[in-house]
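Asks: There's a structure below that I have some questions on.
The values are calculated or read from the model by the stated rules, or taken from the named source; none is laboratory data. All values derive from a computational prediction rather than experimental measurement.
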Amino acid sequence: MSLGTLVAWAWRETPPVHRSTGNLLIHVVAVPMFVAGHALWLAAIVANPWLLMAGSSCIVVSVALQRLGHSMEAQAVHPFTGPRDFVRRLYVE
């Protein structure tokens with residue numbers, strides 16, 4: 001699937017699996033945490049290598065929280081077809 005097709009698919013498939021108030025509240029915390037984790041990775045390059053651990057922790061906790069949030073939904077997220085699909089969808093969605 002091309003990147004453009006993946007983005008179009010994500011826009012079409014995201015609303016049905018983000019209807020639960022609990023899931024949306026979790027995403028309000030988890031998505032910025034995911035972004036902050038990546039910012040900490042970048043900061044580790046120029047500032048302090050220990051920030052890699054903090055950034056990695058933010059990313060792992062964020063993904064775990066999002067998994068918890070999606071478990072609250074009536075409609076399940078489409079299953080991942082493999083590690084590549086997981087990474088692509090994680091960063092596109």
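Asks: Please specify each residue of region 6-45 satisfying the condition of being closer than 20 Å to residue 85 by Cα, modelled with pLDDT of 85 or more and aromatic (Phe, Trp, Tyr).
Replies: Within region 6-45, 34 is the sole residue that qualifies.
Asks: Another question, then. Return the residues of region 36-91 that are under 20 Å from residue 21 (Cα atoms) and of a type in the set (Lys, Arg); say none if nothing qualifies. Give the steps one after another, and end with the answer.
Replies: Just the residues of region 36-91 that are under 20 Å from residue 21 (Cα atoms), to begin with: 61-78.
Matches in region 36-91: 67 only.
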